[in-house]
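What follows is one structure encoded as structure tokens, with my remarks underneath.
The values are calculated or read from the model by the stated rules, or taken from the named source; none is laboratory data. Note that this is a predicted model, so its numbers are computed, not measured. In this analysis, Cβ positions are derived from the backbone assuming ideal geometry, glycine residues included, and neighbour counts consider all displayed protein chains. When the accessible area is computed, the model is the full protein with side chains, heavy atoms only, and any ligands, DNA or RNA have been set aside. Shrake-Rupley method; radii C 1.70, N 1.55, O 1.52, S 1.80 Å.
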Amino acid sequence: MALVGTTVPSKAKTKKLLPLILDQLDREWTELRLDWGAEATDPRNTDEAGLLAYFHTCLRPALHWVHGDPYTVVFPDEYQSERLAKMCGYLGTLQAADVAQVQAARELNLRALREKWGPYRDLAIPEGLPDGTSALEAEVLPFTWAAIETLWQGPNWIGDGPAQFLPQFHSKASADFHLAALAVLFLNRQLHRKLTDLTPQGGN
């Protein structure tokens, strides 16, 4: 069954939208780095900087999961119960909503993103490893982060041909952060804000 608010994507549209969003992310990241480089004492150069860095980093693969367009992406039937598919259906219900409703959804998802940052940060950047080494020293296998997702391959995939590029989340903390990040980006875009604007409405 198709998701509410989704249709078969136009190849021309999806080919154009993803690179445009990725280019915009690149520009916004460059602006942020220039901004912060000039103000070494800016309080954002602490945990807020980490949040923004991981927000940008997580969005890059996540945008490919939906081909840059959560409103028209089509998922396999077996994936419909996964959280990514449900989140895209939710965004589809807001596509034609009035501005006030979209703003309220943006604030809700932004609060969720900020609340989930701590658990995801602790998952992605462990304080230490069992052998006593730092996470920064562990650059080779068998070290892995639970925050790095594997591909969902579907129940009928037997290794013949490529798996569909969809995530299989290893933890709730990772799913929470990735999905809130995607929601905030697309709601920002719908409201004509910067894609990576994480400032609450009316606040600093």
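The table below gives the values:
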{"read-out": "Failed condition for residue 103, given (1) open to solvent by 70 Å² or more (accessible area, probe 1.4 Å); (2) part of a helix (DSSP H, G or I); (3) touching a helix residue (DSSP H, G or I) at 6+ places or on another chain (Cβ under 8 Å)", "value": "(3)"}
{"read-out": "Residue within region 41-54 that is modelled with pLDDT of 85 or more and among the polar types (S, T, N, Q) present", "value": "no"}
{"read-out": "Cβ pairs under 8 Å, 6+ apart, first in region 8-24 and at pLDDT 50 or above, second assigned to a helix (DSSP H, G or I)", "value": "18/63; 18/64; 21/63; 21/185; 21/189; 22/60; 22/63"}
{"read-out": "Test: residue 65 is modelled with pLDDT under 90 and either more than 26 Å from residue 117 (Cα to Cα) or surrounded by 15 or more Cβ atoms within 10 Å (Cβ to Cβ) (or both)", "value": "no"}
{"read-out": "Residues of region 165-204 satisfying the condition of being among the acidic types (Asp, Glu) and either closer than 19 Å to residue 27 by Cβ or open to solvent by 30 Å² or more (accessible area, probe 1.4 Å) (or both)", "value": "197"}
